[in-house]
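Enquirer: Right, I'll just put the structure down here and ask away after.
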Amino acid sequence: MQTQRDFLDSDVLARLAPLALHARFPMIGNVSGRHRSPIRGSSLEFAAYREYAPGDDLRRLDWRVHGRSDRYYVKQFEADTNLRLCLVVDTSGSMKYSAGGMSKLDYAKRLAGTLAYLAANQGDAVGLYCAGTGIAQQIDPKRNATHLGTVLDELATTEATGETGLISALHEAAERVPQRALFVIISDLFVDPEELGECFQHLRFRRHDAAVFHLLEQAEVDFEFDRPIRFVDLEGGTSILADPTMIAKQYHAALQNYFNKLTECVREARVDYHRVALEEPYDDVLARFLLSRTPKGSR
């Protein structure tokens, strides 16, 4: 029985197919691909010269430089390699939240599933880490159609429940993937910004590229409720009956403080951060993300 993958839209995939997923930093892979490698190789992009040493390929000698300097220099080129895309999807209880449209988790599945499909289609490896209480499910990156199916099936059956374990999940995933990878984190980020900043620094220390889709309902930001409401902690805590008009000022001050701290930690760790309102079409969010990563001169 095939799992329902209703988070994949063929029209969206067709629209985004011409846009490649690029890493911002050099990657290391075991097959030829479209991404820069820190290792000098034999792709068509010239990198630098170095002096000839016995054993070097004579075909890489630059005879024009020899004619000008009477010395032997070898051309070096950037090696192309493949990417490891590691999707970290928050599956804690707060991801069930919805103000009437799709839930945060449904939106996250659309982002993650589409990125997984696009990456696999361009020959890159894809992995999935579902962050519930710690890593609830983990599928390490691989490159083949069968593996992509496993990732998509896991996304389809994932549910939002329990407390968040995003912090421990990110630390564990950072160590679990030994070679450089692109980590795409999809979450409402209901965690302490300082602890999250330590995760981002851990990813950078391991030389991973990190991108974040921060999912928020506009109602969470505006907080424009006009009558007493019972607020329920979807991650298992207590509920609170409150008059929003009495606490709106403090709420907005606390929220702005949270955003300020978050901005500081993503800047320090050079994280590719995207705040996403669930009211925005997810394909527009992905198109903007992919275009922002396109190397200059390739557009």
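No lab work stands behind these numbers, since they all come straight from the coordinates. Since the model is a prediction, treat every value here as computed from it, not as a measurement. Virtual Cβ from ideal backbone geometry, glycine too; neighbours counted across all protein chains shown.
Enquirer: Using alpha carbons only, how many angstrom separate the centre of segment 229-299 from the centre of segment 96-110?
Expert: Here the answer is 14 Å between Cα centres.
Enquirer: For the chain, what is the percent of antiparallel DSSP beta bridges, rounded to the nearest 5?
Expert: Percent antiparallel among DSSP bridges in the chain is about 45.
Enquirer: Give the angle, between 0 and 90 degrees and rounded to the nearest 10, that separates the Cα long axis of helix 193-205 from the longest principal axis of the Cα atoms of the chain.
Expert: 20
Enquirer: So, one more: Give me the dipole magnitude in Debye, nearest 20, for the chain about the Cα centre, with unit charges on the beta carbon: positive for Lys and Arg, negative for Asp and Glu.
Expert: Rounded to the nearest 20 debye, it is 1760 debye.
Enquirer: Select one label from (1) 18.9, 55; (2) 19.9, 68; (3) 22.7, 84: the one whose number is Rg and Dmax of the Cα atoms in Å as derived from the coordinates shown.
Expert: Entry (3).
Enquirer: Please give the helix 282-292 orientation as an angle from the longest Cα principal axis of the chain, in degrees from 0 to 90, rounded to the nearest 10.
Expert: Value to nearest ten degrees: 30.
Enquirer: Across the chain, how many lysine pairs separated by 8 or more positions, or lying on different chains, have Cα atoms within less than 30 Å?
Expert: Total qualifying Lys-Lys pairs in the chain comes to 14.
Enquirer: For helix 104-121, report the angle its Cα long axis makes with the longest principal axis of the Cα atoms of the chain; keep it between 0 and 90° and round to the nearest 10°.
Expert: Orientation of helix 104-121: about 20 degrees from the principal axis.
Enquirer: Under 10 Å, Cα contacts only: if you run a Gaussian network model on the chain, which one of Gln250, Gln137, Gln179 comes out with the highest mean-square fluctuation?
Expert: Ranking Gln250, Gln137, Gln179 by mean-square fluctuation puts Gln250 first.
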